[in-house]
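The values are calculated or read from the model by the stated rules, or taken from the named source; none is laboratory data. Note that the structure is predicted; figures quoted are calculated from it, not measured. Please note: Cβ atoms are built from the backbone with ideal geometry, for glycine as well, and neighbour counts cover all protein chains shown. Just so you know, the surface numbers come from the protein's heavy atoms only, side chains and all, with ligands and any DNA or RNA stripped out. Shrake-Rupley method; radii C 1.70, N 1.55, O 1.52, S 1.80 Å.
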Amino acid sequence: EERFRAGFEHAAAGIATVDRDGRFLSVNPAYSEMLGYSEEELLAMGPIDISHPDERAVTETALRRLWKGEVDSIRWEKRYLHKDGHVVWADAIISMVRDARGEPLYTLGQIHDVTGLRKVEEALRESEVKFRTTFESAASGMTLTDKEGRFVSVNRTFREMLGYSEEELLALTRLDITIQST
């Protein structure tokens, strides 16, 4: 019990237990810190209360499936609302804890904050859109090739300059369209 309590209190991941009524039984400091609530505030709530409004139905369904015994654990990426209102993206793993007879006691949630990762992924998507827009609308002919010189991507201007379709160019290499002098 002492080792479990120390692990619970000092874990880097947020950990919470939830009863059949959907109320927190316990939360560790990492969980409280991640969501901006004190332990006392969270113990007066449940996971539905801190879930993003668009995630509440999914969360209720997941918890219901666990309590019905349809699954032993569920893992998904979901959004929580921090006390100050900003969204916290989390990789959530919720498992059912059972007694010696196999009867459900409570759910155990392990929550890893992946907000930073989501922000990086979104920035990458935005960067890709900007690149694609610039590449396709450039007044100069532009291409991307692999290390063997095969065309991977060609913009509209390049296709129009050479009179090839995109499909034709993607089947060629730089050398195929270059005049070789002897």
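Matching the structure-derived Rg/Rh (Cα atoms, Kirkwood Rh) against the labelled list (1) 1.07; (2) 1.29; (3) 1.19 gives the label (2). For the chain, modelled as a GNM whose springs connect Cα atoms under 10 angstrom apart, the maximal fluctuation among 136, 40, 168 occurs at 168. Every helix of 4 or more DSSP H residues in the chain counts as -39500 (n - 2.57), and over all residues that averages to -11500 deg cm²/dmol at 222 nm. Between 16, 57, 138, the GNM of the chain built on Cα springs shorter than 10 angstrom shows 138 fluctuating the most. The long axis of helix 115-137 is offset from the longest Cα principal axis of the chain by roughly 20 degrees. Computed with a 1.4 Å probe over protein heavy atoms only, the accessible surface of the range 87-182 comes to 68 Å² per residue.
Largest GNM mean-square fluctuation across 31, 80, 164, computed for the chain with C-alpha springs under 10 Å, falls on 164.
Pairs of Cα atoms nearer than 8 Å and 6+ residues apart set the relative contact order; for the chain it is 14 percent.
State whether the range 117-160 is rounded, prolate or oblate according to the following rule on the C-alpha gyration tensor (a ≥ b ≥ c being the square roots of its eigenvalues): a/c under 1.5 gives rounded; otherwise a/b larger than b/c gives prolate, and the remaining case gives oblate. Taking the square roots of the gyration eigenvalues as a ≥ b ≥ c, the range 117-160 is oblate. Taking a ≥ b ≥ c as the square roots of the eigenvalues of the alpha-carbon gyration tensor, the range 57-105 is classed prolate because a/c is 1.5 or more and a/b outweighs b/c. P(r) of the range 92-174 in 5 Å steps, Cα pairs, percent per bin? Histogram of Cα-Cα distances, whole percents per bin: 3, 12, 13, 12, 9, 7, 6, 6, 6, 6, 5, 6, 5, 3, 1, 0.
Placing unit charges on each Cβ (+1 for Lys and Arg, -1 for Asp and Glu) gives the chain a dipole about its Cα centre, and among 142, 53, 12 the Cα reaching farthest toward its positive end belongs to 142. For the chain, the longest principal axis of the alpha carbon atoms and the long axis of helix 56-68 meet at an angle near 60°. Based on Cα atoms of the range 18-88, Rg over Rh with Rh as the Kirkwood radius reads 0.96. Placing a label point 7 Å from the Cα of residue 172 along the Cα-to-Cβ line, the residues of the range 124-148 whose backbone N sits under 18 Å from it are 140-148.
Of all lysines in the structure, the ones whose alpha carbon falls short of 27 Å from that of residue 78, not counting any fewer than 8 places away in one chain, are 68, 119.
Dipole size of the chain about its Cα centre, with +1 on Lys/Arg Cβ and -1 on Asp/Glu Cβ: approximately 280 debye, rounded to the nearest 20. Put a dot 7 Å past each Cα toward the Cβ at residue 19 and residue 145; how far apart are the dots in nm? With each label point 7 Å from Cα toward Cβ, the separation is 7.0 nm.
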